[in-house]
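What follows is a single structure, written as structure tokens, with notes after it.
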Amino acid sequence: MTQRALVRRPGPRLPEGLVTHLDRTEVDVDLAVTQWQSYVDAMAAAGWTCVEVPPADDCPDAVFVEDTMVVYRDVAVIARAGAEPRRAEAVDAEKAVAAQGYRIEHIVEPGTLDGGDVLKVGSTIYVGLGGRTNQAGVDQLRAAFEPLGAKVIGVPVTKVLHLKSAVTALPDGTVIGYPPLVDDPSAFESFLAVPEEAGAHVVLLGDNRLLMASSAPATAELLAAKGYQPVVVDISEFEKLEGCVTCLSVRLRE
Ligand SMILES: NC(=O)NCCC[C@H](N)C(=O)O
């Protein structure tokens with residue numbers, strides 16, 4: 001099956017994106033566009049067909065398209081962003097994923113959920129609670145996905161923006177994280193500590209390839225020593241807005 005991913009080009013208002021745990025620093029939009037293109041090129045080189053959601057130039061954070069939805073099997077749950085200014089992003093993201101053949105469900109009031117809070121490890125779906133996602137959001141996600149065979153588990157997130165700012169998972173299901181930023185490593189069946197904050201973020205490209213940020217060189221080395229192939233991209237301008245490699249795409253098929 002073709003591997004497809006949704007991406008969304010950054011717009012001119014990117015420097016106004018939200019910051020929660022970081023101090024605001026200046027974002028270079030031209031450099032961000034170049035970095036975004038390199039990210040898309042790296043995915044394409046790994047065999048992914050990147051489908052662009054139309055840009056949302058009035059939404060500074062729209063490039064972080066992962067937050068607009070969660071896909072599992074043939075269902076896309078459209079998120080209701082925990083940050084009110086980001087809610088408009090979901091409109092065209094929904095159209096784009098519906099056009100890819102997904103059945104659509106929605107997180108509705110009083111639920112809030114950001115896709116960045118959702119980590120899928122096989123049929124286990126961890127959802128970070130505490131920042132952008134609330135209990136009603138978790139319950140609604142559970143109602144959408146458990147009939148499809150998933151197990152949805154809420155886990156605490158207090159030290160970073162999203163669950164996937166703290167942890168992601170390797171192809172064998174091992175959850176990786178930078179311990180100072182992980183609320184409860186024991187929430188996961190198997191946990192591996194990595195030496196850098198950005199080292200906690202990997203996008204699985206297939207065939208042991210891991211898309212990673214260049215800000216985590218020691219972790220790339222550690223994972224290479226374990227037999228993985230890091231594919232490294234510089235996403236500095238997105239990191240200034242608390243973005244990481246995961247948040248710049250939605251992978252539709254594994
Ligand atoms: N999934 C993600 O890691 N998304 C990053 C979102 C960053 C954006 N500035 C925000 O605060 O919503």
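The values are calculated or read from the model by the stated rules, or taken from the named source; none is laboratory data. Everything numeric in this text was worked out from a predicted model, so none of it was measured. No Cβ is skipped: glycine too gets one built from the backbone with ideal geometry, and neighbour counts run over all protein chains shown.
One residue stands out in the stretch 217-254 among those that are within 16 Å of the ligand (Cβ to nearest atom) and of a type in the set (Lys, Arg): the one that is farthest from ALA32 (Cα to Cα), namely ARG251. Tell me, please, whether a residue that is among the small types (Gly, Ala, Ser) and assigned to a strand (DSSP E or B) can be found in the stretch 106-125. Checked against the condition, which is being among the small types (Gly, Ala, Ser) and assigned to a strand (DSSP E or B), the stretch 106-125 yields no hits at all.
A single member of VAL167, VAL138, VAL194, VAL203 is under 15 Å from LEU113 (Cβ atoms), at pLDDT 95 or above and touching a strand residue (DSSP E or B) at 6+ places or on another chain (Cβ under 9 Å), and it is VAL138. Would you say GLY116 is small (Gly, Ala, Ser), farther than 27 Å from ILE235 by Cα and either crowded, with 23+ Cβ neighbours inside 10 Å or at pLDDT 95 or above (or both)? No: the conditions fail for GLY116. Among the criteria (1) within 16 Å of the ligand (Cβ to nearest atom); (2) surrounded by fewer than 21 Cβ atoms within 10 Å (Cβ to Cβ); (3) closer than 30 Å to ALA218 by Cα, the one ARG87 does not fulfil is (3). Only residues in the stretch 113-134 that are more than 13 Å from VAL77 (Cα to Cα) and among the β-branched types (Val, Ile, Thr) count as the first member; pair them with residues that are at pLDDT below 95 and more than 10 Å from the ligand (Cβ to nearest atom), Cβ under 7 angstrom, at least 6 apart or cross-chain, and list the lot. Hits for this filter: zero, empty list.
For the stretch 191-222, give me each residue that is charged (D, E, K, R), surrounded by 15 or more Cβ atoms within 10 Å (Cβ to Cβ) and not in a loop (DSSP other than H, G, I, E, B). Before the answer, list the steps.
Narrowing the stretch 191-222 to residues charged (D, E, K, R): 196-197, 207, 209, 221.
Keeping just the survivors that are surrounded by 15 or more Cβ atoms within 10 Å (Cβ to Cβ) gives 196-197, 209.
Of everything in the stretch 191-222, just one residue is charged (D, E, K, R), surrounded by 15 or more Cβ atoms within 10 Å (Cβ to Cβ) and not in a loop (DSSP other than H, G, I, E, B), namely ARG209.
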